[in-house]
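Student: Quick one: the structure is below, and I'll ask about it shortly.
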Amino acid sequence: MCGEQSNNLAALLRATKVFGALDDDEITAVVEVGHTRTFPNKALIFKKDAESNALFVILSGKVRIMNQLENDPSAIIATIGPGDLFGETSILQREPRSTFAVAFEETELFVLMRENIEALLAPENPLSVKILQGFCDLLSSRLRQTTKPASKVFHHMGEKFKSYHEAMDRINLYFASNMFYFR
C-alpha cells in the first residue's frame with residue numbers, strides 16, 4: 001500500500017469506534033496486517049451462515065446488511081458507508097454469519113482476517129484492551145440504536161394493551177355485577 005493510501009486508511013480507521021483509541025504506531029500495526037479488496041455493485045461480500053473469517057471497514061462505496069438475499073426492502077437491516085465497520089459480531093462470537101452483506105455500489109473494503117484480529121486481541125498485545133473497548137463501544141451503540149425503535153413500538157403497543165385490558169376489566173365487571181342474569 002502506498003504512503004498516501006496508507007495515511008488515508010489510518011485516518012479512516014482512527015475515526016472508527018473500534019480503532020479510534022489507537023496511537024499512530026498502533027494504527028500502523030493494524031494497517032500492516034490487513035488488505036484491501038474491491039467488490040463490484042451487487043456483489044455478495046458474505047452470505048448468511050458462512051464461516052466468519054474476516055472483519056471489514058468500508059473505505060468507499062456502500063454495503064447493505066440484509067437478513068435475506070432478496071429484493072424485499074424489509075430484509076435490509078442497514079445500509080452503511082465509508083468508515084463503517086461490519087462483520088464484528090460473528091468474529092467475536094466465533095459463530096457463522098447471521099446476515100448477508102452485499103455491495104450496494106462499487107465498494108472498497110479494508111479486510112482484517114480472523115487470525116490477524118486474534119493476534120491483535122492476544123492478551124500479551126498492548127493494543128488488545130483498546131481494541132476490545134472499541135468493540136464494546138461499537139456494540140453498545142448498535143444495541144442502543146436497535147432498542148430505541150423497539151421501545152417506541154412497545155410503548156405504542158402498551159397503550160393498545162392498556163386500552164384492551166381496561167375494556168376487558170369493564171366487561172368482567174359487568175358480568176360479575178350481573179351474574180344472576182346469566183345463571
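Student: Exactly one of (1) at pLDDT below 85; (2) over 14 Å from the mean Cα position of the chain (by Cα) is unmet by Thr107. Its number?
Tutor: Against the list (1) at pLDDT below 85; (2) over 14 Å from the mean Cα position of the chain (by Cα), Thr107 comes up short only on (1).
Student: Look through Glu88, Glu95 and report the one residue that is closer than 26 Å to Leu143 by Cβ, acidic (Asp, Glu) and touching a Phe, Trp or Tyr at 6+ places or on another chain (Cβ under 8 Å).
Tutor: Checking each option against the conditions leaves just Glu88.
Student: Right, here's the next one. Given the criterion of a type in the set (Gly, Ala, Ser), part of a loop (DSSP other than H, G, I, E, B) and surrounded by 14 or more Cβ atoms within 10 Å (Cβ to Cβ), identify the matching residue among Ala101, Ala50, Ala122.
Tutor: Ala50
Student: While we're on this one: Taking the residues in the stretch 85-97 that are in a loop (DSSP other than H, G, I, E, B) and surrounded by 15 or more Cβ atoms within 10 Å (Cβ to Cβ) as candidates, determine which candidate is nearest to the chain's Cα centre (by Cα).
Tutor: Restricting to residues being in a loop (DSSP other than H, G, I, E, B) and surrounded by 15 or more Cβ atoms within 10 Å (Cβ to Cβ), the top hit is Gly87.
Student: So which residues in the stretch 79-92 are of a type in the set (S, T, N, Q) and without any contact (Cβ under 8 Å) to a residue 40 or more places away in the chain?
Tutor: Selection gives Thr79, Ser90.
Student: If you go through the stretch 13-34, how many residues are outside any helix (DSSP H, G or I) and surrounded by fewer than 14 Cβ atoms within 10 Å (Cβ to Cβ)?
Tutor: Result for the stretch 13-34: 2.
The values are calculated or read from the model by the stated rules, or taken from the named source; none is laboratory data. Remember, predicted model here, so these are calculated numbers, not experimental data. Neighbour counts run over all protein chains shown; Cβ positions are idealised from the backbone, glycine included.
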